[in-house]
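Asker: If you scroll down you'll find the structure; I have some questions about it.
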Amino acid sequence: MPEREYQEIRQLHLFEAMAEDNFATLMRGAFVQTFPPMVELITEGDPSDFLHVVLSGSVDLFATWNDRETSMVTVRPVSTFILAATVLDAPYLMSARTLEKSRIALIPSREVRAVFDVDIGFARAIVAELAQCYRSVIKVQKDLKLRTSTERLANYLLRAQARAGQGEDFDLDFEKRRLASVLGMTPEHLSRAFRGLQSHGVVAQGSRIRIADRAKLERYARPSALIDDTTS
């Protein structure tokens, strides 16, 4: 593995507290590969042979059932997926595909489990990351079950504007069809939700969004740290 990727992985919270020799053990069987857009990296139901680390680009985690498909989350650098399946030696519950040209590090799951048993710092970091993932799932469930589709969109746009630097105008991270899937609605419902937010100062032209009065949109959306804060 190139030294640059090695150091990027080492700086992840998951790996930064572990002993150097144990980190070397993990990296011994690891490798980095560059994938073009729309390549399926893993398939739900398959065994979890590798822990994946996104070094550049972005990855869509999605699931299917009965000819239906939904996007679950977007993974961006530098972060891992899917840790729980690796730790449990269980099948993947989601599939993953690249959204753009992406560099992915693959670490053998058997090595992750072996080092987990002997490295306290690594084990604690894994527990912390899995706890963070659990809290994220709870927040998503609260968003889906407590808010209307228009309220979900409003709060998503507030978070997207913050990620883009708080400017009035910003671009969506991805196309509206995928946004609808992420928010748990159909494209038709998403269009109606955008129309419903026009009176709250939201203007959408394709993927370009304008929020002219953030305070007005916040009064409608009523964002909550217990749902919308992705850092804790």
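We did not get these values from a lab; they are worked out from the coordinates using the rules stated. Note that this is a predicted model, so its numbers are computed, not measured. Please note: Cβ atoms are built from the backbone with ideal geometry, for glycine as well, and neighbour counts cover all protein chains shown.
Asker: Distance between the C-alpha centers of the range 91-123 and the range 16-82? Whole Å please.
Answerer: Here the two parts' Cα centres lie 6 Å apart.
Asker: How much length is gained if the chain between ALA160 and THR74 is pulled fully straight, taking 0.36 nm per residue apart and subtracting their Cα-Cα distance, in nm to one decimal? Intermediate values should be presented prior to the final figure.
Answerer: Numbers: separation 86, 0.36 × 86 = 30.96 nm, distance 1.31 nm.
Length gained between ALA160 and THR74: 29.6 nm.
Asker: Over 10 Å intervals from 0, what percent of Cα-Cα pairs in the chain sits in each interval?
Answerer: Here the calculated profile for the chain is 7, 29, 32, 21, 10, 1.
Asker: Say each of LYS145 and ARG110 gets a label point 7 Å from the Cα, pointing the same way as Cα to Cβ; how far apart are those two points in nm?
Answerer: 4.0 nm
Asker: Report for the range 3-132 the percent antiparallel among DSSP-assigned beta bridges with both residues inside it, nearest 5. Could you put the intermediate results ahead of the total?
Answerer: Working: 28 of 28 bridges.
Taking every DSSP beta bridge with both residues in the range 3-132, the antiparallel ones total about 100 percent.
Asker: Can you compute log10 of I(q)/I(0) for the range 2-95 with the Debye formula, treating each Cα as one identical point scatterer, at q = 0.22, 0.23, 0.24 Å⁻¹?
Answerer: -1.28, -1.36, -1.44
Asker: Moving on. Report the Stokes-Einstein translational diffusion coefficient (µm² s⁻¹, integer) for the range 148-228, Rh taken as the Kirkwood radius over Cα pairs, at 10 °C with viscosity 1.306 mPa s. Mind showing how you got there, number by number?
Answerer: Values: Rh = 12.5 Å.
So the translational diffusion coefficient is about 127 µm²/s.
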